[in-house]
Amino acid sequence: MKVIIVEDETPAAEKLERLLKQYDPDIQICGRFDTVEKTVRWLENIENTADLIFLDIQLADGISFEIFRRTQVYSPVIFTTAYNEYAIDAFKVNSIDYLLKPISYEDLYRSMTKLESLRESLPTVKHRIQFEELSQALSQLQKNYKTRFMVKVGEHIRSVTTNNISLFYAEGRTVFMLTNQGKRFIIDYKLEELEPLLDPERFFRVSRSFIVNINAVADVIMYSNSRLKVRMDQEFEKEIIVSREKVPQFKTWFDGQERDNM
């Protein structure tokens, strides 16, 4: 079976690939994509084929429903989502399966066996998805996490998207934002104010001084007194240490599982 995974969280994509290989070592992962744009380009290439698509709802450049608006999708789709089950009834109407995050092997197994049992009856023409119904159901639950921050650069004002932010950190009463390009900006928020504004799947407050983005974490190292040290994917002069009381929650977050808001 040829499978593509569309997921903008690297740990979640890697975990899904491991579970698929556990289910069937012969499964071939044809591609992993994190944006609508990359997925559409792959699907529009007539040389590319997939027997199954795992599709996250929220991608780095937008909502994955846009893929279906821009190109034909002939393969069966299993959505992966962090939204509550009762909001996903719209998917069932369209005979499309879904996996609720965090994904377990048991969930994947049930979904894959269900797909196999339905394979003979799956339509050979493209799926017709009721976008309005899906969007309405999801919008009722979607939290309005902050997607961009305004920063001052001299006499200019610019907007920085959260996708482009590696971490937030405090020095005394001043809070800085560090972008993926290594640029630093002072922002008019305290870390306590930032925490509820940020998507908890992407951002985690590891200590009193740091909030990190999962996509910018390059390595996590065992540290003294049962603590952890986080190394970012760019040079950063400060040590980022996960406080001892937050280590269990950090491990859960880093493994792609749900956690309670703190």
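The values are calculated or read from the model by the stated rules, or taken from the named source; none is laboratory data. Predicted model only: the values in this text are computed from it and were never measured. Because the Cβ atoms are built from the backbone with ideal geometry, glycine has one as well, and the counts that use them run over all protein chains shown.
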Subject >> Single unsatisfied condition, GLU9 versus (1) over 17 Å from ARG202 (Cα atoms); (2) touching a helix residue (DSSP H, G or I) at 6+ places or on another chain (Cβ under 8 Å) >> reply: (1)
Original post:
Of the residues ILE29, ILE78, ILE46, ILE88, which is over 12 Å from the mean Cα position of the chain (by Cα) and either assigned by TED's automatic domain parsing to the domain that holds PRO200 or modelled with pLDDT of 90 or more (or both)?
Top reply: ILE29
**OP:** Keeping to region 41-62, report how many residues are farther than 23 Å from ILE27 by Cβ and buried (at least 17 other Cβ atoms within 10 Å of the Cβ).
**Re:** 2
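Results for (1) within 21 Å of GLU7 (Cα to Cα); (2) not hydrophobic (A, V, I, L, M, F, W, C), shown as yes or no for each residue.
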position	(1), (2)
ARG184	no, yes
LEU194	no, no
PHE210	no, no
VAL217	yes, no
VAL220	no, no
SER226	no, yes
GLN234	no, yes
**OP:** Report yes if some residue within region 160-172 is surrounded by 11 or more Cβ atoms within 10 Å (Cβ to Cβ), farther than 23 Å from ALA13 by Cβ and more than 23 Å from the chain's Cα centre (by Cα); otherwise report no.
**Re:** yes
Original post:
Does at least one position in region 207-214 carry a residue that is more than 18 Å from GLU9 (Cα to Cα), in contact (Cβ under 8 Å) with a residue 40 or more places away in the chain and either not charged (D, E, K, R) or not assigned by TED's automatic domain parsing to the domain that holds THR10 (or both)?
Top reply: yes
Original post:
Can you tell me which residues in region 215-243 are polar (S, T, N, Q), surrounded by 15 or more Cβ atoms within 10 Å (Cβ to Cβ) and without any contact (Cβ under 8 Å) to a residue 40 or more places away in the chain?
Top reply: SER243
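For (1) at pLDDT below 85; (2) of a type outside the set (Ser, Thr, Tyr); (3) surrounded by fewer than 18 Cβ atoms within 10 Å (Cβ to Cβ), each residue gets a yes or a no:
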| position | (1), (2), (3) |
| --- | --- |
| VAL73 | yes, yes, no |
| TYR98 | yes, no, no |
| TYR105 | no, no, yes |
| MET112 | no, yes, no |
| LEU115 | yes, yes, yes |
| LEU118 | yes, yes, yes |
| GLN130 | yes, yes, yes |
| LEU138 | yes, yes, no |
| TYR145 | yes, no, yes |
**OP:** Could you please give the count of residues in region 31-78 that are closer than 20 Å to SER111 by Cα, in contact with a helix residue (DSSP H, G or I) (Cβ under 8 Å, 6 or more places away or on another chain) and either of a type in the set (D, E, K, R) or in a helix (DSSP H, G or I) (or both)?
**Re:** 2
